[in-house]
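Notes to accompany the following structure.
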Ligand code: ADP
Ligand code: MG
């Protein structure tokens, strides 16, 4: 097994006494694309926020390359939240510059490449971008980081199929697939299936399945969607 980048060790997370995650443990290796799937409220966003060091576990530990995940490890992770965090009055180019100032590992050359790939206009103001192009810009910002761990909370949600396709293509072409691990939550399972290495299935704050995608296809002879249904039915 290759080196681990992210480790959840018996993690429980409660909000005001209510259990959001119930004693979960898993490890993600380096250089893999991993999907987090499960119904709304199952704990996907909570896992990603814990991994980003933005919230702390009630019990257990979350570590990135053996360091406790807290706000100080922000440079080790690129975190793309569900909410729209772009500044509307910035142009696309200014948004890149702003992020380059924020993160030492922001790779402007790569950002330029992805910009061309996604056909985003540098001089356009964020507030004038379509929803799809705002989605593309957010992905661009995450993929331009040389961080070993890239976390994306539902990067495809609410976007049309063409935009989702360009985002998925950009992930495979612009990631450093040897070094970077991508951990993303999604409902668009069949669309991301071709690029996935692992999948973690959640239900009510617990892991109900964790499997290599190749195994699901070869050993179980199932599509990812059918495998998910099977884990849910147990
Ligand atoms: P998902 O992303 O899979 O929809 P979440 O991680 O957002 O799930 O939520 C898991 C559970 O934790 C849900 O029951 C949700 O209501 C609860 N929860 C999430 N964030 C908060 C919060 N800030 N305060 C209180 N409860 C929360
Ligand atoms: Mg969520």
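Observations on the model:
- Note on residue 222 and residue 104: their simple-model spin labels are 4.5 nm apart, each label 7 Å out from Cα toward Cβ.
- Most mobile listed residue (59, 119, 206) in the chain, GNM with C-alpha springs under 10 Å: 119
- Fluctuation leader among 136, 219, 30 - the chain, Gaussian network, Cα springs under 10 angstrom: 219
- Projected-area average for the chain over all orientations - Cα convex hull basis, square nanometres: 12.7 nm²
- Relative compactness, the range 77-129, computed as alpha-carbon Rg over 2.2 N^0.38 Å: 1.12
- Rounded if a/c under 1.5, otherwise prolate or oblate - the range 116-234, Cα gyration tensor axes: prolate
- The range 137-203: proportion of alpha-carbon pairs further apart than 21 angstrom, %: 17 percent
- Relative frequency of Cα-Cα separations exceeding 24 Å in the range 1-96, percent: 28 percent
- Between the helical axis of 92-102 and the longest alpha-carbon principal axis of the chain there is an angle of about 60 degrees.
- Calculated on alpha-carbon atoms, Rg and Dmax of the range 174-222 in Å: 12.0, 34
- Helix 161-174 and the longest principal axis of the Cα set of the chain meet at an angle near 90°.
- Between 0 and 90°, nearest 10: helix 108-117 axis offset from the chain longest Cα axis: 90 degrees
- Top of 104, 51, 20 by mean-square fluctuation, Gaussian network on the chain, Cα under 10 Å: 104
- The Cα-based radius of gyration and maximum Cα-Cα distance (Dmax) for the range 35-167 are 15.4, 47 Å.
Every number in this text was worked out from the coordinates using simple rules, so none of it is lab data. Note that the structure is a prediction, hence the values are computed from the model and not measured. Note that each Cβ is placed from the backbone with ideal geometry, even for glycine, and that neighbours are counted across all protein chains shown.
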